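Asks: I have a structure I would like to understand better, so I am pasting it below and will then ask my questions one at a time.
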Amino acid sequence: MFGLHPVAFWIAAGIAATLAITPLIFLLLGKAGKLTPALSTDLWTRYKSWLVLAPLMVGPLLAGRLPAILGVGVLSLACYREFARATGMFRYRAISAVVALGILLLTFAAADQWYGFFVALSSLTISLLVIIALFADQPKGYIQRVALGIFAFSLFGVCLGHFGYFANDKAGQAFLVAILLCVELNDVFAYCTGKLFGRRKLAPQTSPNKTIGGAIGAAILTTALFASLVHAIVRGSVLDQPVHLIVLGLLLSLTGQWGDLVMSSIKRDLGVKDLGVTIPGHGGLLDRFDSLIFVGPAMFHYVNYFLGLGLDQPVRGITGH
Amino acid sequence: MEDWQYKPAGDLGLKPEESLRSLRREAGLAATITQGAWRLAVRAYLRGYHRLRVEGTEHLPARPSFVMVANHTSHLDAITLAAALPWTLRRYAFPIAAGDVFFETPAVALFSAMMLNALPMWRKSCGPHAMQQLRERLISEPTIYVLFPEGTRSRDGNLGKFKPGLGMIVAGSEVPVVPCYLHGAHAACPANRKLPLPLPLHLRIGAPLQFSAMKNERAGWQEIAAQLEAAVTALRNTAASSGSAQS
């Protein structure tokens, strides 16, 4: 439909419809007196942010393979920037430059469909980070500087980069849009079911607002939603069996929630509330995209193992001939 | 084993437009690259178009922090002083620029921050708070301020009176202040000209002064301003007597 994967099209249409009717719901709730002024302002701020964010997130995925890969590259760089400024590692310019270079090369490897290089970049960039830090000749704090560089590159470069590579697959577009939708809704489900059923805290030191009830509720709802979407995408293939669909849904929900907790841990350790102010009502980019970090590799490799993403056939659209 | 130390960016948590105007702004990778490219272009321009000559570079301290002060007649002044620094020091240089000119609109503020690495001084409402922030940064981090104590560009090219505000930044600290005199900028690009003329520039750098013994209060600030004004005047006079300048 319009050159889009049918599942991607219907999800995008659903998101557009939801964004279109949300103001009506707010107005009705407001009329019914269910919203305090503070809550109402907060909801509207978040809504306006989503109005910008949703097209920015889904747009590149719908626009095709290269825009999706470039979009992921830009997201990786922006997330790294936020992390570097919050930890102070941006002051180590050589390390910072190598992380940025690694992210650019990962983006290139995905665009080129050169999986060998994409994999090689993990060990090569990490080696370069460890080595480049020698040249400052300042052993004091060496481990911290290098470790922060490797940590950042692994999370925002390698893990997020899997979304870029995923876009090369024929069904990649549909998978990516479905993943994005389910990861975002995973947060919403956890919040709502937590409000309804949550009593016991999940990790009170790390993130005081999360409850076990919310985590389980999100796992059930997200699994159901993602399983049905994947069923529509991979209809009739090896993956189209209840056990695979449920495992994929659970993996997505759990890795999503863990990503959230990872970023909470990082923020607690740094002693900052938000990592940035990029998105009004949400905080920094990382506060919005934290849940995606581990979902990418989990989905990518699961699908590749059982269904195959054509990684064993080198394509190399740019460096080949 | 010691705990890890995290020191977030000084402007962390500020909105983009606030961050550009913040006195605690720190350059990241993108700003480092644009500023480096800008400095290369500026040096080529000053050498080629204005045949810039610099004398007295041996007076520059080998390491930050320090302050460079000079006469002010032209928009060329700040970029010329920053360009006179050796390449190891250039990235520490922050021209202190008029907020109402260089940070008023977002586009100009973006240029001032990403290219010039300038920090804003709001002339109408600059309270002791801003001075205190500048002072703290100068003392706690490797920083080089390029500033013009006259407070505005001289319209006739003559040296105006130095304002005591600068004293608040350095009084009682070990930070050296390097007096400079730039000749030719008024002829090349005075305040009423948009595009500079291809006239020569001659920068003379004097021996640094220190004000660690000076009290951080009004009398001390005025004394610092007077001493620096005298030092810059002396540089002007030597520049004139050596016959190098035709302003």
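The values are calculated or read from the model by the stated rules, or taken from the named source; none is laboratory data. Please read these numbers as outputs of a predicted model, since none were measured by experiment. Heads up, the Cβs are rebuilt from the backbone with ideal geometry, glycines too, and the neighbour counts pull from every protein chain shown.
Asks: Determine whether segment A:270-287 contains at least one residue that is within 17 Å of residue A:180 (Cβ to Cβ) and of a type in the set (S, T, N, Q). Explain how you work it out, then say what you get.
Replies: Our first condition is that a residue be within 17 Å of residue A:180 (Cβ to Cβ); within segment A:270-287, this holds for A:279, A:282, A:285-287.
If we keep only those that are of a type in the set (S, T, N, Q) too, we end up with none.
So far as segment A:270-287 goes, no, none of its residues is within 17 Å of residue A:180 (Cβ to Cβ) and of a type in the set (S, T, N, Q).
Asks: May I ask you to list the residues in segment B:89-145 that are assigned to a loop (DSSP other than H, G, I, E, B), in contact (Cβ under 8 Å) with a residue 60 or more places away in the chain and within 28 Å of residue B:59 (Cβ to Cβ)? Steps first, answer last, please.
Replies: Of the residues in segment B:89-145, the ones assigned to a loop (DSSP other than H, G, I, E, B) are B:91-92, B:103-105, B:117-118, B:122-127, B:141-143.
Add one more test, that the residue is in contact (Cβ under 8 Å) with a residue 60 or more places away in the chain, and what stays is B:91, B:103, B:117, B:141-143.
Listed by number, the residues that qualify are B:91, B:117, B:141, B:142, B:143.
Asks: How many residues, within segment A:272-321, are in a helix (DSSP H, G or I), over 19 Å from residue A:223 (Cβ atoms) and among the aliphatic types (A, V, I, L, M)?
Replies: 2
Asks: Next up: Only one of these conditions is not met by residue A:2: (1) touching a helix residue (DSSP H, G or I) at 6+ places or on another chain (Cβ under 8 Å); (2) surrounded by 12 or more Cβ atoms within 10 Å (Cβ to Cβ); (3) free of Cβ contacts under 8 Å to residues at least 40 places away in the same chain. Which number is it?
Replies: (2)
Asks: Mind listing just one residue for me: the one in segment A:296-310 that is surrounded by fewer than 18 Cβ atoms within 10 Å (Cβ to Cβ) and either over 24 Å from residue A:259 (Cβ atoms) or of a type in the set (A, V, I, L, M) (or both) and, of those, modelled with the highest pLDDT?
Replies: A:307
Asks: Does residue A:38 meet the test of being in contact (Cβ under 8 Å) with a residue 24 or more places away in the chain and in a helix (DSSP H, G or I)?
Replies: On the way: in contact (Cβ under 8 Å) with a residue 24 or more places away in the chain: no; in a helix (DSSP H, G or I): yes.
Considered against the rule, which asks whether it is in contact (Cβ under 8 Å) with a residue 24 or more places away in the chain and in a helix (DSSP H, G or I), residue A:38 comes out as no.
Asks: Restricting attention to segment B:67-97, which residues are hydroxyl-bearing (Ser, Thr, Tyr) and touching a helix residue (DSSP H, G or I) at 6+ places or on another chain (Cβ under 8 Å)? Give the derivation first.
Replies: To start, the set of residues in segment B:67-97 that are hydroxyl-bearing (Ser, Thr, Tyr) comprises B:73-74, B:80, B:88, B:92.
Correct list: B:73, B:74, B:80.
Asks: Could you tell me whether any residue of segment A:292-310 is within 14 Å of chain B (Cβ to nearest Cβ) and hydrophobic (A, V, I, L, M, F, W, C)? Write out each step before concluding.
Replies: The first filter runs over segment A:292-310 and keeps only residues within 14 Å of chain B (Cβ to nearest Cβ), leaving none.
Looking through segment A:292-310, none of the residues is within 14 Å of chain B (Cβ to nearest Cβ) and hydrophobic (A, V, I, L, M, F, W, C).
Asks: Pairs needed: first member in segment B:198-223, surrounded by fewer than 16 Cβ atoms within 10 Å (Cβ to Cβ); second member anywhere, outside any loop (DSSP other than H, G, I, E, B) and among the hydroxyl-bearing types (Ser, Thr, Tyr); C-beta distance under 7 Å; at least 6 residues apart or different chains.
Replies: Partner pairs satisfying both residue conditions: B:198/B:49.
Asks: Test residue B:138 against the stated conditions and say whether it is at pLDDT below 95, closer than 28 Å to residue B:33 by Cα and buried (at least 21 other Cβ atoms within 10 Å of the Cβ). Outline the logic, then answer.
Replies: Working: at pLDDT below 95: no; closer than 28 Å to residue B:33 by Cα: yes; buried (at least 21 other Cβ atoms within 10 Å of the Cβ): yes.
When the stated conditions are applied, residue B:138 does not pass them.
Asks: For segment A:264-290, which residues satisfy the criterion of being farther than 14 Å from residue A:53 by Cβ, buried (at least 21 other Cβ atoms within 10 Å of the Cβ) and either away from chain B (no Cβ under 13 Å) or hydroxyl-bearing (Ser, Thr, Tyr) (or both)?
Replies: If the condition is that a residue be farther than 14 Å from residue A:53 by Cβ, buried (at least 21 other Cβ atoms within 10 Å of the Cβ) and either away from chain B (no Cβ under 13 Å) or hydroxyl-bearing (Ser, Thr, Tyr) (or both), then A:290 is the only one that fits.
Asks: Ok, one more. Say whether the condition of being surrounded by fewer than 24 Cβ atoms within 10 Å (Cβ to Cβ), away from chain B (no Cβ under 14 Å), part of a helix (DSSP H, G or I) and polar (S, T, N, Q) is met by at least one residue in segment A:139-148.
Replies: No; the residues of segment A:139-148 include none that is surrounded by fewer than 24 Cβ atoms within 10 Å (Cβ to Cβ), away from chain B (no Cβ under 14 Å), part of a helix (DSSP H, G or I) and polar (S, T, N, Q).
Asks: Looking only at segment A:44-60, decide whether some residue is among the β-branched types (Val, Ile, Thr), surrounded by fewer than 16 Cβ atoms within 10 Å (Cβ to Cβ) and closer than 24 Å to residue A:228 by Cα. Write out each step before concluding.
Replies: Residues of segment A:44-60 among the β-branched types (Val, Ile, Thr): A:45, A:52, A:58.
Now drop any that are not surrounded by fewer than 16 Cβ atoms within 10 Å (Cβ to Cβ), which leaves A:45, A:52.
Filter again for closer than 24 Å to residue A:228 by Cα, leaving none.
The answer is no, given that none of the residues of segment A:44-60 is among the β-branched types (Val, Ile, Thr), surrounded by fewer than 16 Cβ atoms within 10 Å (Cβ to Cβ) and closer than 24 Å to residue A:228 by Cα.
Asks: Sticking with this structure for a sec: Please go through segment B:182-220 and pick out each residue that is assigned to a loop (DSSP other than H, G, I, E, B) and of a type in the set (A, V, I, L, M, F, W, C).
Replies: Listed by number, the residues that qualify are B:189, B:191, B:195, B:197, B:199, B:201, B:207, B:211, B:213, B:214.
Asks: Filter segment A:208-230 for residues that are free of Cβ contacts under 8 Å to residues at least 24 places away in the same chain and under 18 Å from residue A:298 (Cβ atoms) and give the result.
Replies: Across segment A:208-230, the qualifying residue is only A:227.
Asks: Just one of the numbered conditions (1) farther than 19 Å from residue A:294 by Cβ; (2) over 18 Å from the mean Cα position of the chain (by Cα) is not true of residue A:173; which one?
Replies: Going through the list (1) farther than 19 Å from residue A:294 by Cβ; (2) over 18 Å from the mean Cα position of the chain (by Cα), residue A:173 breaks only (2).
Asks: Among the residues of segment A:189-217, which ones are more than 18 Å from residue A:274 (Cα to Cα) and basic (Lys, Arg)?
Replies: Once the filter is applied, which keeps residues that are more than 18 Å from residue A:274 (Cα to Cα) and basic (Lys, Arg), segment A:189-217 yields A:195, A:199, A:200, A:201.
Asks: Only one residue in A:12, A:17 is of a type outside the set (S, T, N, Q) and either within 30 Å of residue B:4 (Cβ to Cβ) or surrounded by 14 or more Cβ atoms within 10 Å (Cβ to Cβ) (or both), so which one is that?
Replies: Working: A:17 fails: either within 30 Å of residue B:4 (Cβ to Cβ) or surrounded by 14 or more Cβ atoms within 10 Å (Cβ to Cβ) (or both).
None of the other options fit; the residue is A:12.
Asks: From the set of residues in segment A:80-130 that are among the basic types (Lys, Arg) and surrounded by 20 or more Cβ atoms within 10 Å (Cβ to Cβ), which is farthest from the other protein chains (Cβ to nearest Cβ)? Show your work before the answer.
Replies: Start the filter on segment A:80-130 by keeping residues that are among the basic types (Lys, Arg), which leaves A:81, A:85, A:91, A:93.
With the extra rule that they be surrounded by 20 or more Cβ atoms within 10 Å (Cβ to Cβ), the set shrinks to A:81, A:85.
Numbers: A:81: 6, A:85: 4 Å.
So, considering only residues that are among the basic types (Lys, Arg) and surrounded by 20 or more Cβ atoms within 10 Å (Cβ to Cβ), the one farthest from the other protein chains (Cβ to nearest Cβ) is A:81.
Asks: Applying the selection to segment A:170-209, what residues are charged (D, E, K, R), out of contact with any Gly (no Cβ under 7 Å at 6 or more places or on another chain) and not in a helix (DSSP H, G or I)? Walk me through how you get there before you give the answer.
Replies: The initial filter retains those residues of segment A:170-209 that are charged (D, E, K, R), namely A:170, A:184, A:187, A:195, A:199-201.
From the residues that got through so far, the ones that are out of contact with any Gly (no Cβ under 7 Å at 6 or more places or on another chain) too are A:170, A:184, A:187, A:195, A:200-201.
A:170, A:200, A:201, listed by residue number.
Asks: Exactly one condition in (1) under 28 Å from residue B:36 (Cβ atoms); (2) part of a loop (DSSP other than H, G, I, E, B) is false for residue B:151; which is it?
Replies: (1)
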